[in-house]
Amino acid sequence: MLTPEENELLTRVTGDAPMARLMRQHWTPVCLIEEVAEADGKPLRVEVLGESYVAFRDTKGRLGMLDELCPHRKASLVYGRNEECGLRCLYHGWKMDVDGNVVAMSSEPEGSPLMDKVRARSYPVREWGGFVWAWLGDKDEMPEFQPPAFAPTEDTPVSILKIRVPANWAQIHEGQIDSAHSSSLHSSNMVPARVEGAAADEKSWYRPSTDKSPRMQTETTGYGFHYAAIRKPIKNAQTHNYLRITEFVAPYYSLIPPNNNYRVASVIVPINDDETAFHFLAFGGPNVPSTEEWRKFAYAVPGVDVDHKWRPVRTLENDFLQDRERMKEGHFTGIDGIPNEDIVMWVSMGSRVQRHTDVLGASDLAIVEFRRLMADAAKKVAEGGAAIGTDSKVPQRVIASHEGVYPKETDWRTLVDTSNVTEAAE
């Protein structure tokens, strides 16, 4: 149980809040590449950690991200003209390039010295794994961009769905690292079956277990923590365990145990204290679904399930379009799509959970670890320390979740051991 003060540390992600400062010590996935794919296309408003920016791709295909408001009279550049290698403000015609240089001032006399004195604030960006990543912290302290575990190479296949969720980032992360809930909430989509390991097709996911009450074990790492959910398998339950090992890579993403066709991850980026950009990924397997297939499978299709700003059509006001007749017929939730089932739970809690009032059980061990780890990490930053994960010796590209049926004497930690990689890095 967190105190109200610790809950504030965990959930506040705007302004000078310690958690916001922690996150700005990491490269942040601020939008999808597909949102800014067109040269001289429509500028994109980027909202993250309580701030607003504008991203655009110029005539030469270069990507830039600036503060949203024009340095002149603070009109929004989101509505500006993206043309001839710069973003031109509609108000007075000031034009900025991708590096923030003012290259034209229509309202000023020709040769005005003001042009050399003014810059728009720009942010370093990288394109990788389907995301645009931005460095939002001090440029003098900017580390080299590190490929994430879900895209260790540039050619790793990654399919992403995106949903803007009216809930705080922490309760969404807690949902993604909570293995116990899947056996109930997702029971109509994650079906027990006599399979050798987790499997998937275009209709459902399958698991070799009917056990709804996993035993949990956690271990802290330099980049976050991992944990094992230990269940009885359908076959050989006397001699074997079914292990599902989840990785939390602070502060933005989790690696969910894979299936036979692809691996799974979630990328969770705070928009502000009460809204979050939730991304659900399929990546890096022999049969990764296309982006279109992935969004259709999860009922997260733009123009159908989410609007042009990624807001879901299923809301608290319309009861998330829950179908009670389907529930009577056997569907557990009456809601289509694994992420949508999760979103109902996250949003129904209120935008920010008051954690000092909830009651945790044995299956919530990973939740306890997440809260303790991240509240302590925020305290450390508040005291002037480095952010969690910034001094980890483990390259993110080698981190991986895991699942499978193993003899009971198997120590799950050996399945995700990165000590050899750590030693090599040193």
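The values are calculated or read from the model by the stated rules, or taken from the named source; none is laboratory data. All values derive from a computational prediction rather than experimental measurement. Counting neighbours? That spans all protein chains shown, and the Cβs are built from the backbone with ideal geometry, glycine included. Ligands, DNA and RNA are excluded from the accessible area calculation, which covers all protein heavy atoms including side chains. Shrake-Rupley method; radii C 1.70, N 1.55, O 1.52, S 1.80 Å.
Between Ala75 and Cys70, the built amide H atoms are under 5 Å apart, and every one of these is 5 or more places off in sequence or on another chain. Each residue of the stretch 129-140 was assigned a 3J(HN,Hα) from its phi angle through the Karplus curve 6.51 cos²θ - 1.76 cosθ + 1.60 (θ = phi - 60°); the sequence is x, x, 10, 9, 9, 10, 9, 9, x, 5, 5, 5 Hz, with glycine and proline shown as x. The simple Förster model, with R0 at 41 Å and r as the Cβ-Cβ distance, assigns Arg215 and Thr153 a FRET efficiency of 0.70. Axis of helix 338-348 versus longest Cα principal axis of the chain: the two differ by about 80°, to the nearest ten degrees.
Between His26, His308, His402, the Gaussian network model of the chain with springs among Cα atoms under 10 angstrom shows the greatest mean-square fluctuation at His308. Around the amide H of Gly285, modelled in the peptide plane, lie the amide H atoms of Arg263, all under 5 Å away and 5 or more residues distant in sequence or on another chain.
Taking θ as phi - 60° and the Karplus parameters 6.51, -1.76 and 1.60, the scalar couplings of the stretch 265-276 work out to 8, 10, 10, 10, 10, x, 7, 7, 5, 10, 9, 9 Hz in sequence order, x denoting glycine and proline. Show which lysines lie in cross-link reach of Lys203 when reach means a straight Cα distance below 18 angstrom and same-chain residues fewer than eight apart are skipped. Excluding near neighbours in sequence, the set is Lys296.
Carbon-plus-sulfur fraction of the accessible area of the chain, 1.4 Å probe, in percent? Carbon plus sulfur share of accessible area: 48 percent. In straight-distance terms, cross-link reach from Lys212 covers every one of the lysines whose alpha-carbon lies under 19 Å from its own, apart from those fewer than eight places away in the same chain; here that gives Lys232, Lys235, Lys408. Residues whose amide H lies under 5 Å from that of Val30, counting only those 5 or more places away or on a different chain, are Val132, Trp133, Ala134; hydrogens are built 1.01 Å from N in the peptide plane. Here Glu292 and Asp376 are evaluated by their C-beta separation; at R0 = 35 Å the FRET efficiency comes out at 0.25. Taking Cα atoms only, the orientation of helix 365-382 departs from the longest principal axis of the chain by about 30 degrees. Scanning the chain for cysteines with no neighbouring cysteine C-beta under 4.7 angstrom from their C-beta gives Cys31, Cys85.
Taking GluC sites (Glu not before Pro) across the stretch 108-205, the ones in a DSSP loop with at most 10 further Cβ atoms lying within 10 angstrom of their Cβ are Glu110, Glu144, Glu154, Glu202.
Excluding ligands, DNA and RNA, what is the solvent-accessible area per residue of the chain at a probe of 1.4 Å, expressed in Å²? Mind showing how you got there, number by number?
Numbers: 19020 Å² over 426 residues.
Result: 45 Å² per residue.
Here the chain is treated as a Stokes sphere of Kirkwood radius computed over C-alpha pairs; at 37 °C and 0.692 mPa s its diffusion coefficient rounds to 143 µm²/s. Shown in residue order for the stretch 166-182 are the 3J(HN,Hα) couplings computed by the Karplus curve 6.51 cos²θ - 1.76 cosθ + 1.60 at θ = phi - 60°: x, 7, 5, 4, 5, 6, 6, 4, 4, x, 6, 9, 9, 6, 5, 5, 5 Hz (x for Gly and Pro). Cross-link reach is defined here as a Cα-Cα straight distance under 19 Å, omitting same-chain residues fewer than 8 places apart; for Lys60 the lysines meeting it are Lys42, Lys95. Label positions at Phe145 and Glu84, each projected 7 Å from the Cα along the C-beta direction, are separated by 2.9 nm.
Applying 0.36 nm per residue to the separation of Ser112 and Lys42 and subtracting their alpha-carbon distance, the gain on full extension is 22.3 nm.
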